[in-house]
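**Student:** Dumping the structure here so I can ask a few things about it.
The values are calculated or read from the model by the stated rules, or taken from the named source; none is laboratory data. Owing to the predicted nature of the structure, the values given are computational and were not obtained by experimental measurement. Here the Cβ positions follow ideal geometry from the backbone for every residue, glycine too, while neighbour counts run over all protein chains shown. Just so you know, the surface numbers come from the protein's heavy atoms only, side chains and all, with ligands and any DNA or RNA stripped out. Shrake-Rupley method; radii C 1.70, N 1.55, O 1.52, S 1.80 Å.
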Amino acid sequence: MSRAAIFFLAVVTLGLAVLLAFLGWATIQSNLLGWFLLLTGLIYFFGVVIVYWIRGIQFRRPQSDGEMMKDERDDRSFWLIVIGMVAAFYLPSIEYLFFTAILPRGLRIQIVSLLLILVGSVLFIWARRTLGKFYSGHVSLVEGQQLVQKGPYHLIRHPAYAGYLLITLGLALGYSSLAGFASILFLLMPAVIYRIRVEEKLLAEHFGLKFYEYAAKVERLIPGVW
């Protein structure tokens with residue numbers, strides 16, 4: 001992972017986390033999703049402080065003790081994901097606060113949105129815990145890497161990304177945000193597809209037939225579709 005990417009994760013995201021918490025606080029009285037933004041911003045802020053600045057755990061690689069074998073050198077997929085996630089997380093609440101509503105708004109929509117966010121969050125956390133020490137924000141393979149096929153990886157090949165998409169879809173719906181839906185369609189979804197292709201290229205090169213057999217049985221993001 002490049003120094004620019006590490007600086008972004010260790011420093012810039014602290015400011016973004018504070019901004020997210022502020023947007024949650026600003027919308028909390030009229031929209032239930034404000035609680036999600038507020039809590040997410042606070043958790044991420046203190047998580048980065050504890051993990052990186054206090055415990056000194058590096059973002060550049062998984063926590064496995066094995067040597068790095070292969071990785072994405074230019075971090076292109078990382079930056080594409082960052083742009084898509086920032087747009088999809090921040091634009092809905094900003095549109096909600098400062099622009100006249102075009103799409104319908106209401107409590108029922110917010111409740112459905114929170115359910116989407118809950119399912120997406122559970123899916124992401126489940127995937128993260130299943131990967132364990134092999135999880136990393138950087139596309140990489142380390143010595144001793146396993147092709148995980150249990151838990152959510154038995155259902156789809158990229159459950160963490162599916163979780164991202166469900167969460168951002170919930171935000172766009174809950175804040176009745178055209179900008180949010182556009183961010184998912186034109187920024188986040190293309191970034192996720194690109195990152196999936198980068199990851200699967202490394203996996204195919206490393207695991208060979210074992211990966212192709214797994215891919216033939218399990219779809220990427222949507223069971224039975226793709």
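**Student:** Given the criteria closer than 24 Å to Asp74 by Cα, of a type in the set (Val, Ile, Thr) and surrounded by 14 or more Cβ atoms within 10 Å (Cβ to Cβ), does Val119 qualify?
**Tutor:** In short, no.
**Student:** Just give me the residues in the stretch 146-159 being in a helix (DSSP H, G or I) and surrounded by fewer than 20 Cβ atoms within 10 Å (Cβ to Cβ), in sequence order.
**Tutor:** Answer for the stretch 146-159, where residues must be in a helix (DSSP H, G or I) and surrounded by fewer than 20 Cβ atoms within 10 Å (Cβ to Cβ): Gly151, Tyr153, His154.
**Student:** Return the total of residues in the stretch 207-218 being touching a residue at least 60 places away in the same chain (Cβ under 8 Å) and open to solvent by 60 Å² or more (accessible area, probe 1.4 Å).
**Tutor:** 1
**Student:** Moving on to the next point. Quick check on the stretch 169-184. Is at least one of its residues among the hydrophobic types (A, V, I, L, M, F, W, C) and under 19 Å from Arg128 (Cα atoms)?
**Tutor:** no
**Student:** Still on this model: Yes or no: the stretch 22-31 includes at least one residue that is among the β-branched types (Val, Ile, Thr), closer than 14 Å to Pro92 by Cα and assigned to a helix (DSSP H, G or I).
**Tutor:** Residues of the stretch 22-31 among the β-branched types (Val, Ile, Thr): 27-28.
With the extra rule that they be closer than 14 Å to Pro92 by Cα, the set shrinks to 27-28.
If we keep only those that are assigned to a helix (DSSP H, G or I) too, we end up with 27.
Within the stretch 22-31 (the criterion being among the β-branched types (Val, Ile, Thr), closer than 14 Å to Pro92 by Cα and assigned to a helix (DSSP H, G or I)), the answer is yes, since at least one residue qualifies.
**Student:** Hey, can you tell me all the residues within the stretch 161-181 that are under 17 Å from the mean Cα position of the chain (by Cα) and either open to solvent by 20 Å² or more (accessible area, probe 1.4 Å) or not small (Gly, Ala, Ser) (or both)?
**Tutor:** Correct list: Tyr161, Tyr164, Leu165, Leu166, Ile167, Thr168, Leu169, Leu171, Phe181.
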